[in-house]
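Quick notes on the structure that follows.
No value in this document is a laboratory result; all are computed from the given coordinates. Note that the structure is predicted; figures quoted are calculated from it, not measured. Please note: Cβ atoms are built from the backbone with ideal geometry, for glycine as well, and neighbour counts cover all protein chains shown.
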Amino acid sequence: LSRAGPPRRPRHRLAAGAERALAVHMLLGTEERTRAQEDESSASAFDELDIAKLGASTGSLYLSILGRVYDVSRGSRFYGPGASYAAFAGRDASALLCTGCVTNRCLLTSVTKAAAALARGGERQHAATRTCALEAERWLEFFETHDKYPFIGLVQSHRALARALSPRPGEAGSADESERPLAFLRLGLHALLGPRVPTHSREVLVELVLADAAPASLSEPAAAESEPATGRESTEPAEPVEPADEPADEPAAARREPRAEAEREAREDLLDVLQAAEAGDGRVGLRVVARVLELRGSADAARGPAYPRVAAVLAEVSAELAIGSLDANRYFRLG
């Protein structure tokens with residue numbers, strides 16, 4: 001049989017054969033464990049922002065997939081500035097790679113669909129995230145076995161998310177099937193925020209988006225300010241032997257105040273990064289999450305079960321982004 005075009009070179013034939021063999025193993029569920037499953041206790045630890053900073057300072061290109069960081073400098077024609085996969089470099093690209101997205105607009109569509117599936121429940125909520133998990137593992141296999149892209153360390157926060165998304169239920173620390181959609185939702189929201197928002201603030205913001213009682217959480221800073229005496233009664237030096245009138249409330253008050261402070265700092269970090277962000281796809285992701293938090297804090301968003309509410313808000317923000325109403329200079333009221 002004849003075929004159009006020049007014959008494939010041996011290396012290309014070998015790569016194509018390896019891809020087909022891996023696909024067969026994945027379909028049968030018999031793919032071998034990669035080196036990424038080995039002991040990681042001695043690996044260097046990075047924050048996601050370190051990947052971009054380290055690359056900029058050394059002139060190298062670094063990319064993270066499922067929390068594992070690789071030096072992709074030798075693939076600059078793919079991952080360098082202006083290249084097809086430039087969006088993957090300088091960050092953890094798990095959510096983008098497993099969905100096939102190279103923009104935050106595309107990623108928002110995938111995150112919105114995942115939230116809708118989570119709200120509906122049933123088998124449909126697992127199908128997309130199962131495919132995403134397998135695709136992420138395929139990319140991990142690609143980087144792990146590529147002779148040009150050495151492994152250099154871990155982004156611990158995303159490694160934990162990766163274990164929650166892992167398609168291997170038997171692996172220590174991995175989630176069961178029912179937890180994968182929520183794991184992907186978290187991964188996608190982290191990606192929309194991007195590495196410029198500090199890791200601890202991203203974690204707080206993501207949980208605010210997904211929290212069952214997000215409106216109450218958004219109002220907690222004011223509540224903490226209106227009850228300053230509660231946190232001081234147990235440490236008042238003038239009455240060292242007097243117990244507090246309501247000792248049962250002290251642990252709750254002690255927990256609420258640091259949490260409210262962390263949420264306030266996370267919102268401020270988001271607004272600071274948003275204000276400093278240059279126009280482009282990165283700012284789109286920041287505006288999306290800021291708008292989601294704004295809607296989650298409104299009175300209307302307080303009604304109904306948690307995940308359908310999150311899905312409805314994400315769908316509304318997707319529609320706003322599509323028609324261009326998420327103006328770059330608008331002020332977001334985040335509490």
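A few comments on the model shown:
- Derived scalar couplings ³J(HN,Hα) [region 260-274; Karplus, 6.51 cos²θ - 1.76 cosθ + 1.60; whole Hz; x for Gly, Pro]: 4, 5, 5, 5, 4, 5, 5, 5, 5, 4, 4, 5, 5, 5, 4
- Extension gain, Arg77 back to Arg120 (0.36 nm per residue minus Cα-Cα distance, nm): 11.3 nm
- Virtual spin-label span in nm between Asp47 and Cys106, 7 Å along Cα→Cβ: 3.0
- Stretchable slack from Asp281 to Ala160, in nm (0.36 nm times residue separation minus alpha-carbon distance): 41.0 nm
- For region 82-136: relative contact order, % (alpha-carbon pairs under 8 angstrom, 6 or more apart): 35
- Cβ-derived FRET efficiency at R0 22 Å, His146 paired with Glu40, nearest 0.05: 0.75
- Built amide H within the under 5 Å cut-off of Arg68, gap 5+: Val155
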